[in-house]
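Colleague: One structure follows; several queries about it will come next.
Each value in this text was obtained by applying a stated rule to the coordinates, not by laboratory testing. Nothing here was measured: the structure is a model prediction, and the numbers come from that model. Counting neighbours? That spans all protein chains shown, and the Cβs are built from the backbone with ideal geometry, glycine included.
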Amino acid sequence: MNHKLNVVIAAVAFAAVTQVSAQEVVKIGHVGPTSGGIAHLGKDNENGARMAIDELNAKGVSIGGKKVKFELLAEDDGGDPKQGTAAAQKLVDSKVVGVVGHLNSGTSIPASKIYSDAGIPQISPSATNPKFTRQGFKTTFRVVADDVHLGGTLGRYAAKELKGKSIAVIDDRTAYGQGEADEFEKGVKGAGGKTVAREFTNDKATDFTAILTNLKAKKPDIVFFGGMDAVAGPMIRQMKQLGIKAKFMGGDGICSGELPKLSGGAMDDGQVVCAEAGGVEGEQKKGMEDFKARFKTKFNADVQIYAPYVYDALNVMVAAMEKAGSSDPAKYLPVLAKTAGYKGVTGNISFDEKGDVKNGALTMFTYKGGNREQIAVVR
């Protein structure tokens, strides 16, 4: 009797092991700055990836007739290009089949060569520098509009809608900040506006007294900053201390829920105008609101900016694997490149020949009472 029981137990155990071994593990990487001044944005992105992975595993996905389990390999690049390339190489060595990230253009661009050399698809949810998808790499994609669209639209908005007569421009000398500021300046000039100064700082700076004192003498009615919220917040605070009453503009890097806190409460209602690369309208709004509610329940935190784009990027990648019947990058990459009309929480996603999202939207925001308020969605 004991012998028969042991045989049954052994058979059940063998069946369980066989089932687990039959379930292929598919590793997907995510990279963002989860340490440093913009760690709140990096964590937001990483949580978007975790949410996608958890939901896919809960649903159960088969690729090529085989059940798979997805595993997220998350790396911190600290927003630093050298750390970013080290993180990229680590993921390649760990045999990931795809990467969602990086957050910053300055880390995404150097890392993209490493992924390209390894033949691993990379989808950035937030890198907006045009160069990212213009290097000739077949592995590089993004799900947001680039700085030509973002910076240019903000520049035209500053000149036409805000009627800026004396516009000053500051950038943080990163690939993202400088590129965005360049496109903003072109947009201003193209709309018949005028810039009176161009200054620069760095992405770790906290004291802007010299720059702002110089700008104050030029009496700007708009100050544009190309950079991230961790620098923009103190800059807004110091503008108030110096009595500069200009509008403050910036791109997606400053357009976060944390900006009012980072400015120490120095923001006046309607003073800040910023744009996020992305946006949904009409019927698509419900999908985004549902996502934000699920995100809040899961992480006990509000979406900062790009978690929904990470979520969509990862799901687009897996959809291509399912359609190709393989998680082998060489086999699903051509399918990923032909993605058309994927219905995500951030809208419909289709890629052009460079890997850029087609018809990318922008959402204009301002802040009132410490809360971010939508102005309009533009394309």
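Colleague: If the chain between Lys286 and Lys160 were fully stretched, how many nm would it gain, using 0.36 nm times the residue separation less the Cα-Cα distance? Provide the component values of the computation, followed by the final result.
Modeller: On the way: separation 126, 0.36 × 126 = 45.36 nm, distance 3.15 nm.
Additional length available on full extension: 42.2 nm.
Colleague: Let me ask something else. Relative to the longest principal axis of the C-alpha atoms of the chain, give the angle of the C-alpha long axis of helix 105-118, reported between 0 and 90° and rounded to the nearest 10°.
Modeller: Between helix and principal axis, roughly 30 degrees.
Colleague: Roughly what angle does helix 39-59 make with the longest principal axis of the chain, taking Cα atoms, 0 to 90 degrees, to the nearest 10?
Modeller: Around 30 degrees separate the two axes.
Colleague: Treating each Cα of the chain as an identical point scatterer and ignoring solvent, apply the Debye formula and state log10 I(q)/I(0) at q = 0.11 Å⁻¹.
Modeller: Debye output, listed in q order: -0.74.
Colleague: Next question, about the same structure. Given axes a ≥ b ≥ c from the Cα gyration tensor, I'd like to know whether the stretch 238-379 is rounded (a/c under 1.5), prolate (a/b larger than b/c) or oblate.
Modeller: On the way: a/c = 2.60, a/b = 2.17, b/c = 1.20.
Prolate shape, in that a/c is at least 1.5 and a/b is the bigger ratio.
Colleague: May I ask for the angle, rounded to the nearest 10°, between helix 81-93 and the longest principal axis of the chain, with both axes built from Cα atoms and the value confined to 0 to 90°?
Modeller: Roughly 10 degrees, rounded to the nearest 10.
Colleague: Taking the Cβ of Glu289 as the centre, find all other residues whose Cβ is under 14 Å away and add up their charges (Lys, Arg: +1; Asp, Glu: -1).
Modeller: +1
Colleague: With r defined as the distance between the Cβ atoms of Lys261 and Arg294 and R0 fixed at 30 Å, what FRET efficiency is calculated, to the nearest 0.05?
Modeller: Working: r = 24 Å, r/R0 = 0.81.
The computed FRET efficiency comes out at 0.80.
Colleague: Next question, about the same structure. Find how much the distance from Thr213 to Lys186 grows on full extension, using 0.36 nm per residue of separation minus their present alpha carbon separation; answer in nm with one decimal.
Modeller: Working: separation 27, 0.36 × 27 = 9.72 nm, distance 2.48 nm.
Difference between extended and current length: 7.2 nm.
Colleague: What is the gain in length, in nm to one decimal, between Asp352 and Leu242 on full extension, counting 0.36 nm per residue of separation less the C-alpha to C-alpha distance? Let's see the in-between values first.
Modeller: On the way: separation 110, 0.36 × 110 = 39.60 nm, distance 4.63 nm.
Extra length available between Asp352 and Leu242 comes to 35.0 nm.
Colleague: Please list 3J(HN,Hα) in residue order for the stretch 313-318, calculated via the Karplus relation 6.51 cos²θ - 1.76 cosθ + 1.60 where θ = phi - 60°; whole Hz, with x for glycine and proline.
Modeller: So the Karplus estimates, Gly and Pro as x, are 4, 5, 5, 4, 4, 5 Hz.
Colleague: In the stretch 215-296, which GluC sites (Glu not before Pro) fall in coil by DSSP and have 16 or fewer other Cβ atoms within 10 Å?
Modeller: Passing both the DSSP loop test and the Cβ count: Glu281, Glu283.
Colleague: What ranking, highest mean first, results for peptides 351-363, 121-133 when packing means the other Cβ atoms within 10 Å averaged over each residue?
Modeller: Details: 351-363: 18.5, 121-133: 26.3.
Top of the packing list down: 121-133, 351-363.
Colleague: The stretch 218-297: which trypsin sites (Lys or Arg not before Pro) are DSSP loop and have at most 14 other beta-carbon atoms within 10 angstrom? Kindly include the intermediate steps, with their values, before the conclusion.
Modeller: On the way: sites: Lys218, Arg237, Lys240, Lys245, Lys247, Lys261, Lys285, Lys286, Lys292, Arg294, Lys296; in loops: Lys218, Lys245.
Of the trypsin sites (Lys or Arg not before Pro), the ones in loops of the stretch 218-297 whose Cβ has at most 14 other Cβ atoms within 10 Å are Lys218, Lys245.
Colleague: Here is a follow-up. Which percent of Cα pairs goes in each bin when the distances of the stretch 165-264 are cut into 5 angstrom slices starting at zero?
Modeller: Spelled out per bin, shortest first, that is 3, 14, 27, 27, 20, 8, 1.
Colleague: Another question, if that's okay. For the stretch 70-181, rounded, prolate or oblate, judged on the Cα gyration tensor with a ≥ b ≥ c (square roots of eigenvalues), a/c < 1.5 rounded, else prolate if a/b > b/c? Intermediate values should be presented prior to the final figure.
Modeller: Values: a/c = 2.87, a/b = 2.32, b/c = 1.23.
Prolate.
Colleague: Follow-up. From the phi of every residue in the stretch 337-348, what ³J(HN,Hα) in whole Hz does the Karplus formula 6.51 cos²θ - 1.76 cosθ + 1.60 yield, where θ is phi - 60° and glycine or proline is x?
Modeller: Values per residue, Gly and Pro as x: 4, 9, 3, 8, x, 5, 8, x, 6, 9, x, 7 Hz.
Colleague: What are the ³J(HN,Hα) couplings of the stretch 67-72, residue after residue, when phi is run through the Karplus curve with 6.51, -1.76, 1.60 and θ = phi - 60°? Round to Hz, x for glycine and proline.
Modeller: Karplus values, whole Hz, x for Gly and Pro: 5, 10, 10, 8, 10, 8.
Colleague: Still on this model: Helix-only estimate, please: 222 nm mean residue ellipticity of the chain, summing -39500 (n - 2.57) across DSSP H runs of length 4 or more and dividing by its residues, to the nearest 500.
Modeller: -14000 deg cm²/dmol
Colleague: Follow-up question, since we're still on this one. 5 Å is the cut-off here: which amide hydrogens, built 1.01 Å from N in the peptide plane, fall below it relative to Glu75, excluding neighbours closer than 5 in sequence?
Modeller: His30, Val31, Gly32
Colleague: Here's another thing I want to ask about it. From the cross-link list Lys82/Lys131; Lys90/Lys186; Lys292/Lys343; Lys240/Lys292; Lys43/Lys240; Lys298/Lys338, which pairs have alpha carbons spaced over 28 Å apart? Intermediate results must be reported in sequence, preceding the final value.
Modeller: On the way: Lys82/Lys131 18 Å; Lys90/Lys186 39 Å; Lys292/Lys343 17 Å; Lys240/Lys292 33 Å; Lys43/Lys240 30 Å; Lys298/Lys338 32 Å.
Beyond 28 Å between Cα atoms: Lys90/Lys186; Lys240/Lys292; Lys43/Lys240; Lys298/Lys338.
Colleague: Among the listed pairs Lys66/Lys358; Lys323/Lys358; Lys27/Lys286; Lys113/Lys261, which have their C-alpha atoms separated by more than 28 angstrom in this model? List each step's numbers first, then the result.
Modeller: Values: Lys66/Lys358 32 Å; Lys323/Lys358 21 Å; Lys27/Lys286 31 Å; Lys113/Lys261 37 Å.
Correct reply: Lys66/Lys358; Lys27/Lys286; Lys113/Lys261.
Colleague: What residues have an amide H closer than 5 Å to that of Val272, excluding those fewer than 5 places away on the same chain, when H is modeled at 1.01 Å from N in the peptide plane?
Modeller: Placed amide hydrogens put Phe248, Tyr367 under 5 Å from Val272.
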